[in-house]
Structure formats: structure tokens, C-alpha cells
């Protein structure tokens, strides 16, 4: 049964043209995906809930408020869906009624530039480790922090 008075058109599919095969021993070009790239060694990260809880007991590094701190991981040296080593954490306060906390603002780059963050995060982590050790609360089953051999010195940080 026809629905319209117009005749239907038929189309022919054009024939597929395949590229000529490459002669043996000859290469047309090099592509980025065909080059072998050496993998970058990842740092082994340490997870320790007890240490994170100790960090959360300290006052906020930015505003100094006590009792609302969380263990904040630095945002340098991490990948998608992964956090850095827990021993690099420092205390920042969380949101509370009527007050926006330092931790979410710090993570959203609302408090300082990326270059300033990259410069201050290692210092805050080192100060936090020093405070916990000085109080005699360092967990017995957590190895002390040793900086990785490929760590970038603070003065040579990239500013992007």
C-alpha cells in the first residue's frame, strides 16, 4: 500500500576502495601510537586511617579553627581517582553551618593560585608529620616518610 503519490528512489552504494598493501620492508610513516614510550614509575602510596585521624585532630593550617579539621591530601602527584600518600596530608577545616570550610575552598583553587598551592603543600605536610612525631603519636605500624628520589624541589616547580 502506497502512502504518497511520489515514487521511491533507489540509491546504489559506491564500491569501497581499499588502500594498496604496503610492500614488505617499507613503511609509509610513523605514528605517535606506534612509538614505544617508557612508562613513568608510580610512587607506592601508603594508606593509614589511624594517621588520617591523627591529622584531623590538629587545628586547620589556614584559619586555625580547632575541632573541624579533615585530612587534606595534596593535589600534586596524583592521578584520576587516586590520592597521594596519606603521610603527605595536612589538616584543613570542613564546611560547618554558615561557614564555608578551608578544605573545599582549597581543593577548588578559591584560596590561592596553583603555583602557591604547589609550593605550600609539601611544607604543610612536613609540618604535620613533625607535629605528630613531636606529640609522640606516630603510629608504630606506619613507616616514617622518606621523600622519593624523583621529587621536584620547591624552587623548581612548574607554573601551569
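Here are a few things to note about the model shown:
- Subset of segment 96-138 (residues that are in a helix (DSSP H, G or I) and at positive phi): none
- A single member of 77, 29, 25 is modelled with pLDDT under 90, in a loop (DSSP other than H, G, I, E, B) and crowded, with 18+ Cβ neighbours inside 10 Å, and it is 77.
- Extreme residue, surrounded by the fewest Cβ atoms within 10 Å (Cβ to Cβ), among residues of segment 124-160 that are under 18 Å from the mean Cα position of the chain (by Cα) and modelled with pLDDT of 80 or more: 124
- Just one residue in the set 49, 12 is at pLDDT 70 or above and closer than 30 Å to residue 74 by Cα; that residue is 49.
The values are calculated or read from the model by the stated rules, or taken from the named source; none is laboratory data. Just so it is clear, the model here is predicted, and its values are computed rather than measured. Glycine also receives a Cβ, built like all others from the backbone with ideal geometry; neighbour counts cover every protein chain displayed.
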